[in-house]
Amino acid sequence: MDNVLITGANRGIGLELTRQFLAAGQRVFACCRTPEAAVELKLLNDEPLLSIHALDVTADASVAALAGLLGATHLDVLVNNAGIMGGDRQSVDDMDYGAWRDAFEVNTLAPFRLVAALLPMLRQAERPRVVTLSSQMGSLNRKSTGAHAYRSSKAAVNKVMQVLALELEADGIVVCPVHPGWVRTAMGGATAELSAEESAAGLVRLIDSLTPAHSGRFWTWEGKEHPW
Ligand code: NDP
C-alpha cells in the first residue's frame, strides 16, 4: 500500500485522483485549503484510508504544519495538483501582474516548497515519486499565444522538476511533471476533451508505473513522453 499526498484534493482532477487512489487500496492524505467546505471530499470520509488535511500550498506555515503532522510517516507519492490560471487578463494589451505573481506562487513555487518540506518523508519510502501537474501549455516546443501567466508558470515548474529530478536521483526519488490532458473541470471548462475520471485513471496508471528511468522527463496522462 502506498501513502499518497494530493494537494487541491477538494475538486477537479485532485478529487478524482483521491477517489481512484482510494479505490486502488492506497492511503490518501487529501489536502485542501478549507476542509470544512470540501463537500465532495467529505462524502468519502468513511473511507478508512482517507485523511483530510488543511493546506494552502502558498503558505510556509501551512506546509510546515502539515509536514509536522505527518512527520513520522513515509510518503510514497506526492501529487502537486493544486493550480490556478493566473487571472482573466493575460494579454499584451491587458495584464494583471498581481494574478501573474499568484500563478507563480501556486504553480511554480508551491510544488518546490512541498518537495522541500516533505523530503524527509519521501526519503523513507521504498519507491518515492513526485508528480507535478503541469500542462502542455507550458511546453516551449509548442507555438502558442496568450495565457502568459499560466504558460510561463507551467514552463517554469517543468524546469524546477527537471532540476529536482537530478538533485534527488541519489535518494532514489523519481520526479516528473505531467500533462493531465484537457479536462472538464472548473479550470478546463465544460467543452474539454476528457472527464476527470479518464484523466485521473491515466495518471494513476502512470504514477504506478514510474521508475527511475522516467525521472526528469515530461509525461502525458496517457504515459507518453511530452516534448519540453
Ligand atoms: P480546478 O480549478 O478544478 O482545481 C484547482 C485546485 O487547486 C482546487 O482544489 C483549488 O482549491 C486548488 N488550489 C488553488 N490554489 C490553491 C492553494 N493556494 N492552496 C491549495 N490548493 C489550491 O483545476 P483542475 O483540477 O482542472 O487542475 C488540476 C491541475 O491540473 C492544475 O495544476 C492545472 O493547472 C492542471 N491542468 C489542468 C488542465 C485541465 O484541462 N483541467 C489541463 C492542464 C493542466 P480551492 O477549491 O480552494 O480553490
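Along each of the three principal axes of the Cα atoms of the stretch 7-86, give the extent in whole Å, ordering the values from largest to smallest.
For the stretch 7-86, the Cα spread along each principal axis is 33, 31, 22 Å.
Excluding Arg129 itself, what net charge comes from residues whose Cβ is under 14 Å from its Cβ, given Lys and Arg +1 and Asp and Glu -1?
-2
Please work out whether the stretch 114-163 counts as rounded, prolate or oblate from its C-alpha gyration tensor, where a ≥ b ≥ c are the square roots of the eigenvalues and a/c under 1.5 means rounded, while otherwise a/b larger than b/c means prolate and anything else oblate?
prolate
Return the ratio Rg/(2.2 N^0.38 Å) for the stretch 123-207, where Rg is computed over Cα atoms only.
1.22
In percent, what relative contact order does the stretch 1-142 have, based on Cα pairs under 8 Å that are 6 or more apart in sequence?
The normalised contact order for the stretch 1-142 reaches 24 percent.
Given R₀ = 30 Å, FRET efficiency for Met1-Glu40 by Cβ-Cβ distance, to 0.05?
It comes to 0.80.
Per-residue HN-Hα couplings for the stretch 20-28, Karplus 6.51 cos²θ - 1.76 cosθ + 1.60 at θ = phi - 60°, whole Hz, x for Gly and Pro?
So the J values, rounded to whole Hz, are 6, 5, 4, 4, 7, x, 9, 7, 10.
How far, in degrees from 0 to 90, does helix 110-123 lean away from the longest principal axis of the Cα atoms of the chain, to the nearest 10?
Tilt relative to the chain: about 20 degrees.
Springs between alpha-carbon pairs under 10 angstrom, Gaussian network model over the chain: which of Met137, Met85, Met95 fluctuates most?
In the Gaussian network model the winner is Met95.
Counting helices only, and only those DSSP H runs with n ≥ 4, report the 222 nm mean residue ellipticity of the chain as the sum of -39,500 (n - 2.57) divided by its residues, in deg cm²/dmol to the nearest 500.
Helices in the chain give a 222 nm mean residue ellipticity of -11000 deg cm²/dmol.
How far apart, in nm, are two points set 7 Å out from the Cα along the Cα-to-Cβ line at Ala61 and at Lys159?
So the label points at Ala61 and Lys159 sit 3.2 nm apart.
Report the one residue of Ala82, Val160, Trp182 whose Cα lies farthest in the direction of the positive end of the charge dipole of the stretch 79-228 (charges on C-beta: Lys and Arg +1, Asp and Glu -1; origin at the Cα centre).
Val160
Short version: ³J(HN,Hα) in whole Hz for each residue of the stretch 174-184, in order, from phi by Karplus 6.51 cos²θ - 1.76 cosθ + 1.60 (θ = phi - 60°), x for Gly and Pro, what are they?
Result, rounded to whole Hz: 8, 10, 9, x, 9, 9, x, x, 9, 10, 6.
Which FRET efficiency, nearest 0.05, do His74 and Thr211 yield, Cβ-Cβ r, R0 22 Å?
It comes out at approximately 0.75.
From the Cα gyration tensor of the chain, with a ≥ b ≥ c the square roots of its eigenvalues, which class applies: rounded if a/c is under 1.5, or else prolate if a/b is larger than b/c, or else oblate?
In terms of gyration-tensor shape, rounded.
No value in this document is a laboratory result; all are computed from the given coordinates. Source: prediction; values computed, not measured. Here Cβ is always computed from backbone atoms with ideal geometry, including for glycine, and neighbour counts include all displayed protein chains.
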